[in-house]
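Colleague: Below you will find the structure I want to go over with you.
The values are calculated or read from the model by the stated rules, or taken from the named source; none is laboratory data. All of these numbers come straight from a predicted model, not from anything done at the bench. Please note: Cβ atoms are built from the backbone with ideal geometry, for glycine as well, and neighbour counts cover all protein chains shown.
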Amino acid sequence: MTQVRRRQVQQVKESLRVATELAKEQLPLPARPRSDVPELRGDLTDLEDGDLMDLLVRLTRWADFSGGQLALAEVDETYAEALLDKLKALGYVKGSGDKVTTARAEMQLDDDYQAAVQSKLEAYARRKLLIARHTAFERDAAVVSRELSRRIERDPSQRRTARMGGAR
């Protein structure tokens, strides 16, 4: 196993270590929800109040989970960036007698350096995709919440009729 591979494994252990420490402080990251990923389909006004509330709860749980995963991805990206910075510095020190351009070129050819660059790019990609998914969960939950609020603002007789399966 190369030095970089060991460092990458250590990065993962470090983010898990931090998550474990948080759990010990009664601040665990949200667990993966048991339900499938919810999707908004069709017209929300077709859903009964209970089903709409269930959808909001599921979306919120997925938003909580994705937020925790996003935080871990940010930690991993920061560690990958720090490793890359360290390898850059080592490359410059190792080639300190050479010209800067030569030192940079040698560093770019180094297998450990290339593995660190790849690790950083993967961490960046994971974080960006998690941001997109997390934002979608939050946006969908907001849409469902607005529909629930709209229903609450109806007068009591309309709410009673809707609960009994009458016209919406």
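Colleague: Please go through region 108-128 and give me each residue that is of a type in the set (Gly, Ala, Ser) and either surrounded by 13 or more Cβ atoms within 10 Å (Cβ to Cβ) or at pLDDT below 90 (or both), ordered by number.
Modeller: Answer for region 108-128, where residues must be of a type in the set (Gly, Ala, Ser) and either surrounded by 13 or more Cβ atoms within 10 Å (Cβ to Cβ) or at pLDDT below 90 (or both): Ala115, Ala116, Ser119, Ala123.
Colleague: Moving to a separate point now. Just the residues that are hydrophobic (A, V, I, L, M, F, W, C) and more than 23 Å from the chain's Cα centre (by Cα), please, taken from region 32-78.
Modeller: Matches in region 32-78: Leu44, Leu47, Leu52, Met53.
Colleague: Of the residues that sit in region 123-136 and are without any contact (Cβ under 8 Å) to a residue 12 or more places away in the chain and of a type outside the set (A, V, I, L, M, F, W, C), which one is farthest from Glu39 (Cα to Cα)?
Modeller: Checked region 123-136; the qualifying residue farthest from Glu39 (Cα to Cα) is Lys128.
Colleague: Of the conditions (1) outside any helix (DSSP H, G or I); (2) out of contact with any helix residue (DSSP H, G or I) (no Cβ under 6 Å at 6 or more places or on another chain), Ala71 satisfies every one except a single condition; which number is it?
Modeller: Among (1) outside any helix (DSSP H, G or I); (2) out of contact with any helix residue (DSSP H, G or I) (no Cβ under 6 Å at 6 or more places or on another chain), Ala71 violates only (1).
Let's see how each residue does on (1) among the β-branched types (Val, Ile, Thr); (2) modelled with pLDDT of 90 or more; (3) in a helix (DSSP H, G or I):
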site	(1), (2), (3)
Tyr92	no, no, yes
Ser145	no, yes, yes
Arg159	no, no, yes
Gly166	no, no, no
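Colleague: Now a separate question. Would you confirm, using the coordinates I've provided, whether Ala19 is out of contact with any Lys or Arg (no Cβ under 9 Å at 6 or more places or on another chain), free of Cβ contacts under 8 Å to residues at least 60 places away in the same chain, assigned to a helix (DSSP H, G or I) and within 25 Å of Ser119 (Cα to Cα)?
Modeller: In short, yes.
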